[in-house]
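Notes to accompany the following structure.
The values are calculated or read from the model by the stated rules, or taken from the named source; none is laboratory data. Just so it is clear, the structure is predicted and the values come from calculations on it, not from any experiment. Reconstructed Cβ throughout: ideal geometry from the backbone, glycine too, with neighbour counts over all protein chains shown. Calculation scope for accessible area: heavy atoms of the full protein, side chains included, ligands and nucleic acids excluded. Shrake-Rupley method; radii C 1.70, N 1.55, O 1.52, S 1.80 Å.
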Amino acid sequence: MIKVITYGTFDLLHHGHLNLLRRAKALGDYLIVGVTSENYDKARGKLNVKKSLAERVADVLATGLADEIIVEEYEGQKIDDIQRHNVDVFAIGSDWLDKFNYLREYCRVVYLERTKNISSTMIRDAALRVTTLGVIGSGRIANRFIPESKYVSGVDVAGVYNPRETAAAEFRDRHELRFATANLHQLLSSVDAVYIASPHHTHAEYTRAALRAGRHVLCEKPLVLTAAEATELYDLAAARDLVLLEALKSAYCPGFKHLVSLLKSGAIGQVKDISASFTKLVEGKPRELSSREAGSVTELGSYAFLPALKLLGVHYHRASFHSWRDNAGVDLFTRGLIEYPSANASFKVGLGVKTEGNLVISGTRGYAYVPAPWWKTEYFELRHENPDDVKKYFYKFDGDGLRYELDEFLRLINDRERRHSYMFSPAESIAAARLIENFRDGKNTTNIY
Ligand code: C2G
């Protein structure tokens with residue numbers, strides 16, 4: 001018996017896929033089809049897959065051509081599969097010409113002519129509503145956002161707003177956008193959605209204005225600095241059936257999401273303690289240290305709070321802080337404790353002190369260790385009492401990682417059933433604002449200078 005194997009995403013199954021499967025099947029007596037898992041597609045940068053793994057498997061099954069279907073979950077799996085299943089022929093479309101020659105060591109490799117003028121991307125684009133996006137602010141993060149947006153389909157970044165017209169115009173030219181304006185209403189009337197990357201103290205006002213104008217909002221962290229304001233803005237978004245999403249990139253990246261799911265399903269027992277750090281050294285007197293809402297907690301706290309909010313919930317009963325501040329009162333380093341009824345989360349954030357940026361989550365059956373920089377979660381380990389019992393997980397965090405939050409934002413806009421992200425929910429975002437508020441009210445804070 002001649003066994004043939006082929007692989008694909010098979011999203012929105014079309015006649016190009018059918019032609020491929022038919023010819024692959026004709027190369028032998030038994031056809032195994034590997035369908036890519038959602039995580040694997042994300043890891044290889046394919047963020048725009050529309051159908052779930054279950055739907056794609058069902059579509060391949062319905063062709064009647066596959067004798068066996070397997071799931072492709074990681075890079076390098078093809079070699080394992082070919083050996084495990086005693087495969088004689090590996091077949092793939094000619095768009096992959098020469099890419100799989102390394103498999104010749106294990107079996108025959110056949111490149112089949114790709115069917116012209118049809119692809120999942122073409123079908124997706126034809127069905128896709130393109131969201132026109134305006135950027136508010138033109139600083140560091142906004143500059144990183146534009147290249148990232150090129151990796152996400154269904155978005156057209158049209159223009160930029162900055163109250164300083166020359167800054168807006170420079171940004172427009174640098175990124176070849178269609179317009180730049182110093183008039184917020186002009187921006188809001190020209191787009192479907194906005195990405196807010198302006199200084200923290202302006203977030204509330206811009207978010208409110210955009211929602212009132214009927215525009216979806218993706219706002220950089222921290223969304224706002226008080227729970228009341230965060231609640232008001234999420235209520236406003238809900239009342240207008242608009243998406244409001246806080247752009248906290250770690251929450252949306254593949255590795256962190258999987259870590260949360262694993263721990264939620266009991267991989268280390270009950271979580272009893274979390275320790276997360278995020279520090280960076282900054283030179284001179286940048287915005288992080290000189291703006292109205294400067295300091296390491298407002299700048300970096302959202303990241304440090306995230307593991308606690310995801311794993312222990314939003315109902316902490318007390319938060320306390322110890323800060324080292326400069327002469328102007330700006331916190332350069334803060335260590336804090338978030339107390340829950342039956343667990344604790346501690347964190348360190350710093351703009352003037354550098355420390356190890358890892359994340360350790362301790363449970364009743366083991367612990368998760370995410371090495372620095374944990375906020376990318378490219379790798380983590382689940383460790384247990386037995387030092388040999390270590391599970392290792394690898395992920396990709398592509399580019400600056402802003403593509404993941406934009407992808408989620410567009411999914412929410414296009415999926416009218418789902419207005420809130422489970423990856424970082426309004427309740428979690430409101431709790432993050434409450435923690436920043438707790439810090440800023442100074443009640444449970446001690447300071448050194
Ligand atoms: N295909 C084709 N003609 C088209 C479109 C696709 O012959 N017009 C083929 C591809 O060459 C591939 C298969 O159909 O062999 C599945 O295509 P995709 O779903 O696009 O899968 P892909 O992302 O190419 O993944 O490990 C995954 C594989 O490497 C292929």
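What the table shows:
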{"item": "The stretch 389-403, residues that are open to solvent by less than 10 Å² (accessible area, probe 1.4 Å) and in contact with a Cys (Cβ under 7 Å, 6 or more places away or on another chain)", "result": "G401"}
{"item": "All positions within the stretch 244-256 that are modelled with pLDDT of 95 or more and in a helix (DSSP H, G or I)", "result": "K249, S250, A251, Y252, F256"}
{"item": "From the options V4, V35, residue that is within 23 Å of A127 (Cβ to Cβ), within 13 Å of the ligand (Cβ to nearest atom), open to solvent by less than 70 Å² (accessible area, probe 1.4 Å) and touching a Leu at 6+ places or on another chain (Cβ under 7 Å)", "result": "V35"}
{"item": "Any hit, the stretch 403-411, residues being hydroxyl-bearing (S, T, Y) and not in a strand (DSSP E or B)", "result": "yes"}
{"item": "Residue list for the stretch 110-148, restricted to those being basic (K, R), within 16 Å of the ligand (Cβ to nearest atom) and surrounded by fewer than 16 Cβ atoms within 10 Å (Cβ to Cβ)", "result": "K116"}
{"item": "Subset tally (residues that are out of contact with any helix residue (DSSP H, G or I) (no Cβ under 9 Å at 6 or more places or on another chain) and open to solvent by 40 Å² or more (accessible area, probe 1.4 Å)) for the stretch 89-102", "result": "6"}
{"item": "Meets criteria (within 15 Å of the chain's Cα centre (by Cα), part of a helix (DSSP H, G or I) and in the same structural domain as V330 (by TED's automatic domain parsing)) for E428", "result": "no"}
{"item": "Criterion: within 12 Å of the ligand (Cβ to nearest atom), more than 19 Å from R124 (Cβ to Cβ) and assigned by TED's automatic domain parsing to the domain that holds G28 - qualifying residue of V49, V71", "result": "V71"}
{"item": "Verdict on R335 being closer than 30 Å to G269 by Cβ and more than 28 Å from the chain's Cα centre (by Cα)", "result": "no"}
{"item": "Residues located in the stretch 261-287, provided they are in contact with a helix residue (DSSP H, G or I) (Cβ under 8 Å, 6 or more places away or on another chain), hydrophobic (A, V, I, L, M, F, W, C) and in a helix (DSSP H, G or I)", "result": "L263"}
{"item": "Count - residues of the stretch 306-335 that are in a loop (DSSP other than H, G, I, E, B) and more than 19 Å from A432 (Cα to Cα)", "result": "5"}
{"item": "Which listed residue is on the phi > 0 side of the Ramachandran plot, open to solvent by less than 20 Å² (accessible area, probe 1.4 Å) and of a type in the set (G, A, S), from G295, G350, G301, G336", "result": "G295"}
{"item": "Residue selected from the stretch 412-443 under the condition surrounded by 16 or more Cβ atoms within 10 Å (Cβ to Cβ) and of a type in the set (K, R), by the criterion farthest from V260 (Cα to Cα)", "result": "R440"}
{"item": "Within the stretch 7-32, considering residues that are in a strand (DSSP E or B) and of a type in the set (A, V, I, L, M, F, W, C), the one surrounded by the fewest Cβ atoms within 10 Å (Cβ to Cβ)", "result": "I32"}
{"item": "Yes/no for R56 being basic (K, R) and open to solvent by 20 Å² or more (accessible area, probe 1.4 Å)", "result": "no"}
{"item": "Criterion (among the charged types (D, E, K, R), in contact (Cβ under 8 Å) with a residue 24 or more places away in the chain and surrounded by fewer than 14 Cβ atoms within 10 Å (Cβ to Cβ)) met by exactly one of E68, E105", "result": "E68"}
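Yes/no matrix, rows are residues, columns are (1) over 24 Å from R383 (Cβ atoms); (2) open to solvent by 20 Å² or more (accessible area, probe 1.4 Å); (3) outside the structural domain of L332 (by TED's automatic domain parsing):
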| position | (1), (2), (3) |
| --- | --- |
| E232 | yes, yes, yes |
| A238 | yes, yes, yes |
| D241 | yes, yes, yes |
| K257 | no, yes, no |
| S261 | no, yes, no |
| S265 | no, yes, no |
| K272 | no, yes, no |
| S277 | no, no, no |
